[in-house]
1. Per-residue HN-Hα couplings for the stretch 20-37, Karplus 6.51 cos²θ - 1.76 cosθ + 1.60 at θ = phi - 60°, whole Hz, x for Gly and Pro?
2. Expressed in nm to one decimal, what extension gain is obtained for the pair Glu138 and Arg33 from 0.36 nm per residue of sequence separation less their Cα-Cα distance?
3. For the stretch 16-144, which whole-number percentage of the solvent-accessible area (1.4 Å probe, protein heavy atoms only) is attributable to carbon and sulfur atoms?
4. How large is the charge dipole for the stretch 36-178, taken about the Cα centre, if only the Cβ atoms of Lys, Arg (+1) and Asp, Glu (-1) carry charge, to the nearest 20 debye?
5. Please give the per residue accessible area of the stretch 1-131, computed with a probe of 1.4 Å over protein heavy atoms only, in Å².
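The values are calculated or read from the model by the stated rules, or taken from the named source; none is laboratory data. Here the structure is a predicted model, which means the values were calculated and not measured. Here the Cβ is made from the backbone with ideal geometry for all residues, glycine too, and neighbour counts use every protein chain on show. The area values use the complete protein model at the heavy-atom level, side chains included, leaving out ligands, DNA and RNA. Shrake-Rupley method; radii C 1.70, N 1.55, O 1.52, S 1.80 Å.
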Amino acid sequence: MPAVLAELAEFEAKIAAAKGAAAADRAVATLRRALATLLDRQFIYNGDRGMAPLYELVLRGDARRLVEAMLDGLGYALVVEPADQWIGIVPADPEETGAARLRLDETIILLLLGMIWQEGVNTGLSEDRATVPTTSEELFARHAAILGRERIPRPRFHEILLELRRRALIEIGEEDPETRDLLLRIRSTIRLVSGEAQIELLERFAAESDRVLDGLERAAARAEGEDVEAEEPGEDETDETDEAEPAGAEPEEE
């Protein structure tokens, strides 16, 4: 890290010499914001509110090298997609570096979005910047088909969508006033976190999700005072906060 700090000081001094101390301070502050955003959200998408200065700075030669060096020290690699205008980070070594961990229901929605995006690209449905349109109802129906019935409560389903929007993985459009269906646009950033072979992964997650959601339904019923058939605790019970493997990595066999 001392070498990175020296590079940062050199970066600041170079800008100060060319444009003045105030410009250097702004550049360093923007660079720090870009790094913090990447570590928090994983992606910076040019065009999202407030993201353009971060995106543009990281693409510059000196700033990019500095960001890459900082990320390398933290175990991440920078990914740049100029055609679709986004940058992101992935673990440099997925087996050794932990990425943000997702709950099981979040992982399933992420994999479904990745599958729908790939289908759209393969069939020529992609739009500007390789986004693929879909709707919340289509996504919800796909989820119900995988699990055999609707399992994730609607409020939780929309909560997941909002988090994925925050991470620049999807856009959420207008809501149909009658059906409450939301227009979604899946961004190409999804390919870095949904992995490959989504169908196989979904099938593996479906059985696990069924156990978790059964447990949640039983807990909700107990909270409402309903009679719930007693079950002996065993190895199959899973806490509602169970997490899946890091995004983009194949889950370990149990």
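1. Working through the residues one at a time gives x, 5, 5, 5, 5, 4, 5, 5, 5, 5, 5, 4, 5, 5, 4, 5, 4, 5 Hz.
2. Roughly 34.2 nm would be gained on extension.
3. Values: 2940 of 6010 Å².
Roughly 49 percent, rounded to a whole number.
4. On the way: 16 positive and 26 negative charges, 71 e Å.
Value, rounded to 20: 340 debye.
5. Result: 51 Å² per residue.
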